[in-house]
Amino acid sequence: MKKILILNLLFLSVVSSFAQQDPQYNLYQFNQMIINPAYAGARDGIATIASVRQQWAGFDGAPRTICVSAHSPILENKMGVGLTIVNDQMGPRTVSGVYGNAAYIMKLGQKFKLSLGINAGYNSYRFNFDKLTFKTPETSTQISQNQKAGKLDFNSGAFLKSNKFFLGFSATHLAAGDVYSYDAGTGVLSYRLRTHIFLTMGRSFVLDENCVFAPTIMYRSVNNTSNLDINFNFFLFKKIWLGAFVRGGYGPGFLMQYYITPKLRVAYSYDSGLKDKRNLGASHEVMIGFDLPEPKSKVISPRFL
């Protein structure tokens, strides 16, 4: 009964106008294209990444996100192109999306590059209301008659980088609006897509040849609600990333990324959820990335790009 109640509350928080709908990502600094289309081509080669995130492990119907992406510079590094495939499940709602990416890359002086990007895609939404408990059986029957919907989606962003700094800004779901709605007089149930704003920033400090300190932040905002991630990361021996972070309203966590070879890397993150008042538990995220060829810069590429 407790899990059913939590599942209902989770879904109702998502369909409400004030909830964050985009998946959470702890490992965003290792693949920012998942939140910013201007990131395409930033690794100066073909980059492919697959990730899985299980939020609130242990609860049936808790969010689970699978993401596969690939991107590369073209036209002598003047443009970046990419492709992203996402499957996001939460309670009775499943979203499957495919996005194509394009970014224009320009040099600003000798040290900086500025990218302006956009992506477009299609999301397929499926709602399985059999997983929810309704007060009246007839409500469940009426809602379950319409379980599928589709919607075109557009995102845009800007990404500024140098060898020691990055700054990103993006807005997702620019074609926001109703995806699913049910109106039976009293029981209004709807899923309305909202525009999300992301701001990311990072700066590296070389402490010695075997240790780089690279703090990052990510700010998210949707419909007048927001939260902030603060990360404290160290890149050690040009081989391994170790970091700790705090997310507002959710609690602390840690992450790591290890270079198995110069081209192949794996990453893992854990967030505790200790400050989440709903007491929903911890979350896990796993990522694997492959670069071809290996990144040109052994200083910046393992940290930010």
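Considering each residue of segment 104-114 in turn, none proves to be exposed (fewer than 15 other Cβ atoms within 10 Å of the Cβ), basic (Lys, Arg) and modelled with pLDDT under 80. Of the numbered criteria (1) out of contact with any Phe, Trp or Tyr (no Cβ under 6 Å at 6 or more places or on another chain); (2) surrounded by 14 or more Cβ atoms within 10 Å (Cβ to Cβ); (3) modelled with pLDDT under 95, the one Asn223 fails is (1). Candidates in segment 4-53 are the residues that are more than 19 Å from the chain's Cα centre (by Cα) and closer than 17 Å to Ser283 by Cα; of these, the one that is modelled with the highest pLDDT is Leu7.
The set of residues from segment 219-232 being closer than 20 Å to Ser269 by Cα and in contact with a Lys or Arg (Cβ under 9 Å, 6 or more places away or on another chain) comprises Asn227, Leu228, Asp229, Ile230.
Among the residues of segment 64-93, those that are of a type in the set (Val, Ile, Thr) and under 28 Å from Met106 (Cα atoms) comprise Val68, Ile74, Val81, Thr84, Ile85. Of Ala175, Ala158, all but one fail to be in contact with a Leu (Cβ under 7 Å, 6 or more places away or on another chain), touching a residue at least 24 places away in the same chain (Cβ under 8 Å) and loosely packed, with under 14 Cβ neighbours inside 10 Å; the exception is Ala175. Looking across segment 226-249, the residues that are crowded, with 20+ Cβ neighbours inside 10 Å and not polar (S, T, N, Q) come down to Asp229, Phe235, Trp241, Gly243, Phe245, Arg247.
Do you know which residues across segment 161-172 are closer than 11 Å to Ser115 by Cα and surrounded by fewer than 18 Cβ atoms within 10 Å (Cβ to Cβ)? Scanning segment 161-172 gives Leu167, Phe169.
Please enumerate the residues belonging to segment 195-213 that are closer than 21 Å to Ala38 by Cα and hydrophobic (A, V, I, L, M, F, W, C). Passing the criteria: Ile197, Phe198, Leu199, Met201.
Look at (1) surrounded by 20 or more Cβ atoms within 10 Å (Cβ to Cβ); (2) at pLDDT 95 or above and you find that Val95 fails only one, number (2). Give segment 130-180 a look and list any residue that's farther than 30 Å from Gly80 by Cα, among the β-branched types (Val, Ile, Thr), at pLDDT 70 or above and out of contact with any Phe, Trp or Tyr (no Cβ under 6 Å at 6 or more places or on another chain), or say none. Of everything in segment 130-180, nothing turns out to be farther than 30 Å from Gly80 by Cα, among the β-branched types (Val, Ile, Thr), at pLDDT 70 or above and out of contact with any Phe, Trp or Tyr (no Cβ under 6 Å at 6 or more places or on another chain). Applying the criterion of being among the aromatic types (Phe, Trp, Tyr) and in contact with a strand residue (DSSP E or B) (Cβ under 7 Å, 6 or more places away or on another chain) to the residues of segment 32-75, the residue that is nearest to Ser162 (Cα to Cα) is Tyr39.
The values are calculated or read from the model by the stated rules, or taken from the named source; none is laboratory data. Because the structure is a prediction, the values reported are computed rather than measured. Heads up, the Cβs are rebuilt from the backbone with ideal geometry, glycines too, and the neighbour counts pull from every protein chain shown.
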